[in-house]
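Single-structure report; data block below.
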Amino acid sequence: MQKQTLPLVFINLDKDSERRTRIEGQLAHLGLPGERLPAVWWKHLPPAEQSLLYSAERNHSQYYQPLVDGEKGCYASHIGAWQQLLASDAPALVVLEDDVRLRPQFADVVNAIAALQEPWDMVKLLGRDREKTRSQRPLTGNTLLVDYARVPSMTAGYVISRAGAARLLERRQPFGRPIDVDLRFWWECGDLRILGVSPAAIELDDTSLVSSIWDERDTLTPAQRWRKFCMKMALTLGNAWHRRRLPRL
């Protein structure tokens, strides 16, 4: 296995020591460097900082219901990772959530992403099974680089470039949607180039079944169900319209 060439952070809440031990053990087993990025506990942020990160007005115009504190803290944690990348001299950063398992090809995939010559802003390391793609090409001996027909919602692991981090920090502060939904509206960030890999380089572990940041949702009201339908239509139509002018792999 090749040595990983990009820095890596994993997002982890202070209270989730077991998850930290798991992912640090995986990294050590594979001989990979990794740095813990403390996850944001939203209620601990001063109100002034909360208002810089999250906009209730933008939420109302973009999403079908207010975000819960877990969703806000999750997004703020990823923003912290992007800021850390831009504060460094690294060309890109591997960002993981702490409930993943690394597959044997993980380091080789990351190194191949780092060596890409074509423009890219983010490469997801995990997508949904049988994700529809526009095009694909070999990335490593047994992994494909894929151009999604529609970006999947998962944010458990990805590689982000400096250009991608800069675009997101410019266009997504303050945010109004959950991060996984916001990334699907990629054209709002100046045609953010989000690719993926197949098969996935990571997978969710058993702890992902019990979230440490999400609160239980109440049943949607009729008005919220209508707003959700309208948001999905906007995603479908916007993606189809803007995707036509992007080059394929």
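The values are calculated or read from the model by the stated rules, or taken from the named source; none is laboratory data. Model, not experiment: these values are computed from the prediction. All Cβ positions, even for glycine, are placed from backbone atoms using ideal geometry, and neighbour counts span all protein chains on display.
Per-structure values
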| quantity | calculated |
| --- | --- |
| Residue match in the stretch 162-174 (condition: touching a His at 6+ places or on another chain (Cβ under 9 Å) and at pLDDT 95 or above) | yes |
| Top-ranked residue in the stretch 1-46 [being within 18 Å of the chain's Cα centre (by Cα) and charged (D, E, K, R); ranked as surrounded by the most Cβ atoms within 10 Å (Cβ to Cβ)] | ARG36 |
| Answer residue from the stretch 183-203, given it is in contact with a strand residue (DSSP E or B) (Cβ under 6 Å, 6 or more places away or on another chain) and in contact (Cβ under 8 Å) with a residue 60 or more places away in the chain and is farthest from VAL94 (Cα to Cα) among those | SER198 |
| Residue check for LEU27: aliphatic (A, V, I, L, M) and under 29 Å from GLN224 (Cα atoms) | no |
| Residue selected from the stretch 1-55 under the condition in a helix (DSSP H, G or I) and small (Gly, Ala, Ser), by the criterion nearest to ASP69 (Cα to Cα) | SER51 |
| The stretch 73-114: number of residues that are surrounded by fewer than 22 Cβ atoms within 10 Å (Cβ to Cβ), assigned to a loop (DSSP other than H, G, I, E, B) and either of a type in the set (Lys, Arg) or in contact (Cβ under 8 Å) with a residue 40 or more places away in the chain (or both) | 6 |
| Residue in the stretch 47-58 that is at pLDDT 95 or above, within 20 Å of VAL94 (Cα to Cα) and surrounded by 12 or more Cβ atoms within 10 Å (Cβ to Cβ) present | no |
| Candidates ASP147, ASP180, filtered to the one that is of a type outside the set (A, V, I, L, M) and either under 11 Å from the mean Cα position of the chain (by Cα) or crowded, with 22+ Cβ neighbours inside 10 Å (or both) | ASP180 |
